[in-house]
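Undergrad: Before I ask anything, let me first share the structure, which is written out below as structure tokens.
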Amino acid sequence: MRLIVRNFEDDPTLQDLLSVDQLERLNRTLSSLCQAPVTIAEQKTTGAIPVEFNLETVAWLSGGHSPEERSAASELVSFLMMFVAKYRLAANLHHDTTEASYAELQRQNDALKTSEARYRALSDQLQQKVDEQVSVIQQTQQELYESARLRSVGQLAAGVAHEINNPIGFISSNLRVARDYIDDLKDSLPATPDHEELFRDFHDLLSESMDGTRRIASIVADLKTFSSIDQADYTMCNLNDLLRSSSHLVQTEHGHQLDIIERLNELPPVAGHPSRLSQTFFNLLNNAAQALSDKDFGDRKGRILMQTQMGTDSIQVIVQDNGCGIPDDCRARVFDAFYTTRPVGSGTGLGLTVARDTAHAHGGDLTINSRQGAGTRVTLTLPIKAR
Amino acid sequence: MPDYQAHDNKLTLKVVFYGPALSGKTTNLMQLHSLLNPERKGELMVLETRDDRTLFFDMLPIGLRGTSGLDLRLKLYTVPGQVQHDSTRKAVLSRADGIVFVADSQPSQQDNNAMAFGNLEENLEKVGLDIDTLPMVVQFNKRDLPGVVEELELQQRWTSTPWAPLMMASALQGNGVIESFRALLDRLYIAISDEFALEHRHGIFRHTFIDGLSACHEADRAKL
């Protein structure tokens, strides 16, 4: 039986209704019922009468003994066709509706898939946003931790400095008075060579001690500037002063052995957070000092250049060393928090992280140029019109 | 849409009996089968299942010939009224040329009527037909039952629709079935006669169309 895609309601042909075998069988049984053989065919032959079904001529019947026999046979075939057609109609309609339902299901399935994909994309976006927020929170937490630590260290330093300031004041003044007394005493004693020697030595001792108190006073002053404990969070800062204080502290840390070249140009005051800026300068200078100590210079000497200069709308602070430099494979990670190449316990891995955050907090930026073995140059750029 | 096959000079029209479950669509068709005596009439094909509920559809073909030899056929279909057979309803409804909406007159069935009518609107749209231009007759059936909604009330309710006046019927008794069918034939003729030049080319006038397709047996005609 041929398979054609047709509407269920199209008028069926003989081929739609009966297969070749079935038609043969129908011809055979009808012929044995009739007095003479009959033939049912789709094409009209001479003497054939139509087999009608539902107003449609579905076949032609020929043969038979008489016209009456032909018409009775035709009637019987029409009667049979009705049941065949009924089944075929129902089957075709069922097929049509099943196809339509399936197509509808597929459409819905596609729509569902599209919407699922949309929700998945949305969920990914949300996850990304959450991740971003989490990283912001972690960053802020780190900054808070750093600034709290810095503040407590600063408070301690300022407290110590304040306590030291008074005794140093009267020690220094007493020493000066004592030196005058020595001069007076010298005049009232017989001038023997022994006495001369004793007085000169005594005088030198007191002078050296006074020099010591001056140095103590200067360290105390640097500490106060560094911690900026008596200043509000944001104030107008003199960057050169902050740099000098930081440089003194780094010198103290490294036994006054560093060769620090200062090229500080005239700068306008900059609105900023002095203790954070000081901490940044200290970190940069300290890094430079470490880089020098990590390199074998032979008979040559490591140097640190500390420079400030003014551009059209920004100030640049440059800290440059000719030390060991940063290896290529580390350069991408130098700003990562807790990333350090130093042995455990000697570096937190936060120096550059905090330095760059401070630069960003002041509306500026921090860039690093480095070549392994040749040195490192860190440039801190701050806008002149800070917030 | 009418199916015209030029090589056979054959025009096939499709009329669908639509409506809520158990409103009497099949009964309408069975009555037409027994009452009508048109020029040509085929077998009534009833595809019922358990409890005499229509599972697929029923179909009755009738026809007449024009003076040009036009083989004009009208296939009358019913749809299954039960809600779950919606895809079958849609398949039967596709390419319909006219609708007889068979509603149930019992007060308890008014919601079902409304739902079935909504479903008809929806399905017509899905198969690309326009309810406002499609020839349609609304029949309220089962007028023989006691306690049915008053005709006046029904007529008033539908008065501002394109389907007023409503046809009243009692299909089981054979009342109003032929009248509903003739009303539909009238609207159908108006809708299609020009397109196929029924009058000029095929000699089928409005009255030939209506009378030819709704001719009744003599005995029944006397009864009407």
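The values are calculated or read from the model by the stated rules, or taken from the named source; none is laboratory data. For clarity, every value in this text was computed on a predicted model and none was experimentally measured. Ideal geometry is used to build each Cβ from the backbone, glycine not excepted, and the neighbour counts take in all protein chains shown.
Undergrad: Among the residues that make up segment B:22-42, is at least one of them more than 10 Å from chain A (Cβ to nearest Cβ), touching a His at 6+ places or on another chain (Cβ under 6 Å) and under 22 Å from B:Phe209 (Cβ atoms)?
TA: yes
Undergrad: Which pairs turn up if I take residues in segment A:77-93 that are closer than 16 Å to B:Ala91 by Cβ and look for partners that are buried (at least 19 other Cβ atoms within 10 Å of the Cβ) and of a type in the set (S, T, N, Q) with beta carbon separation below 7 Å, at least 6 apart in sequence or on another chain?
TA: Here the result reads A:Leu93/B:Thr88, each pair linking segment A:77-93 to a residue that is buried (at least 19 other Cβ atoms within 10 Å of the Cβ) and of a type in the set (S, T, N, Q).
Undergrad: Then there is this: Output the residues belonging to segment A:94-123 that are among the basic types (Lys, Arg) and either within 13 Å of another protein chain (Cβ to nearest Cβ) or in contact (Cβ under 8 Å) with a residue 12 or more places away in the chain (or both).
TA: Of everything in segment A:94-123, just one residue is among the basic types (Lys, Arg) and either within 13 Å of another protein chain (Cβ to nearest Cβ) or in contact (Cβ under 8 Å) with a residue 12 or more places away in the chain (or both), namely A:Arg107.
Undergrad: Right, next: Quick one: in segment A:283-339, which of the residues that are of a type in the set (D, E, K, R) and under 28 Å from the mean Cα position of the chain (by Cα) is farthest from A:Thr379 (Cα to Cα)?
TA: Among those that are of a type in the set (D, E, K, R) and under 28 Å from the mean Cα position of the chain (by Cα), it is A:Asp329.
Undergrad: Testing B:Leu55 on (1) more than 29 Å from B:Asp194 (Cβ to Cβ); (2) of a type in the set (A, V, I, L, M); (3) in a loop (DSSP other than H, G, I, E, B), one condition comes back false. Which one is that?
TA: Result: B:Leu55 fails condition (3) only.
Undergrad: Here's a follow-up. Testing A:Val160 on (1) assigned to a helix (DSSP H, G or I); (2) free of Cβ contacts under 8 Å to residues at least 12 places away in the same chain, one condition comes back false. Which one is that?
TA: (2)
Undergrad: Looking at A:Asp194 and the list (1) modelled with pLDDT under 90; (2) surrounded by 12 or more Cβ atoms within 10 Å (Cβ to Cβ); (3) more than 30 Å from A:His360 (Cβ to Cβ), which single condition is not satisfied?
TA: With respect to (1) modelled with pLDDT under 90; (2) surrounded by 12 or more Cβ atoms within 10 Å (Cβ to Cβ); (3) more than 30 Å from A:His360 (Cβ to Cβ), A:Asp194 is out only on (2).
Undergrad: Name the one entry in A:Leu17, A:Leu93, A:Leu80 that is at pLDDT 90 or above, within 28 Å of B:Leu60 (Cβ to Cβ) and either of a type outside the set (Asp, Glu) or in contact with a Lys or Arg (Cβ under 8 Å, 6 or more places away or on another chain) (or both).
TA: A:Leu80
Undergrad: Same structure again: Could you check, for segment A:164-183, whether at least one of its residues is within 23 Å of A:Leu277 (Cβ to Cβ), in a helix (DSSP H, G or I) and in contact with a helix residue (DSSP H, G or I) (Cβ under 7 Å, 6 or more places away or on another chain)?
TA: no
Undergrad: Would it be correct to say that A:Phe281 is without any contact (Cβ under 8 Å) to a residue 40 or more places away in the chain, assigned to a loop (DSSP other than H, G, I, E, B) and hydrophobic (A, V, I, L, M, F, W, C)?
TA: no
Undergrad: For segment A:235-246, check the following and say yes or no: at least one residue is over 22 Å from A:Glu143 (Cβ atoms), out of contact with any helix residue (DSSP H, G or I) (no Cβ under 6 Å at 6 or more places or on another chain) and buried (at least 20 other Cβ atoms within 10 Å of the Cβ).
TA: Taking every residue of segment A:235-246 in turn, none turns out to be over 22 Å from A:Glu143 (Cβ atoms), out of contact with any helix residue (DSSP H, G or I) (no Cβ under 6 Å at 6 or more places or on another chain) and buried (at least 20 other Cβ atoms within 10 Å of the Cβ).
Undergrad: Moving on. So, in segment B:1-21, exactly how many residues are within 13 Å of chain A (Cβ to nearest Cβ) and either among the hydrophobic types (A, V, I, L, M, F, W, C) or assigned to a strand (DSSP E or B) (or both)?
TA: Total satisfying the criteria: 10.
Undergrad: Counting only residues that are in contact (Cβ under 8 Å) with a residue 40 or more places away in the chain and either closer than 20 Å to B:Leu129 by Cβ or surrounded by 23 or more Cβ atoms within 10 Å (Cβ to Cβ) (or both), how many does segment B:81-98 have?
TA: Number of matching residues: 8.
Undergrad: Still on this structure, I have one more. Mind checking which residues of segment A:367-386 are among the hydrophobic types (A, V, I, L, M, F, W, C) and surrounded by fewer than 21 Cβ atoms within 10 Å (Cβ to Cβ)?
TA: A:Ile368, A:Ala374, A:Ile384, A:Ala386
Undergrad: Cβ-Cβ distance below 7 Å, separation of 6 or more or different chains: which pairs start in segment A:200-216 with a residue that is crowded, with 16+ Cβ neighbours inside 10 Å and end on one that is in a helix (DSSP H, G or I) and of a type outside the set (A, V, I, L, M, F, W, C)?
TA: A:Leu206/A:Arg179; A:Met210/A:Ser172; A:Met210/A:Arg176; A:Thr213/A:Ser172
Undergrad: Could you identify the single residue in A:Ala90, A:Ala36, A:Ala85, A:Ala48 that is in contact with a strand residue (DSSP E or B) (Cβ under 9 Å, 6 or more places away or on another chain), away from chain B (no Cβ under 12 Å) and surrounded by 14 or more Cβ atoms within 10 Å (Cβ to Cβ)?
TA: The conditions single out A:Ala48.
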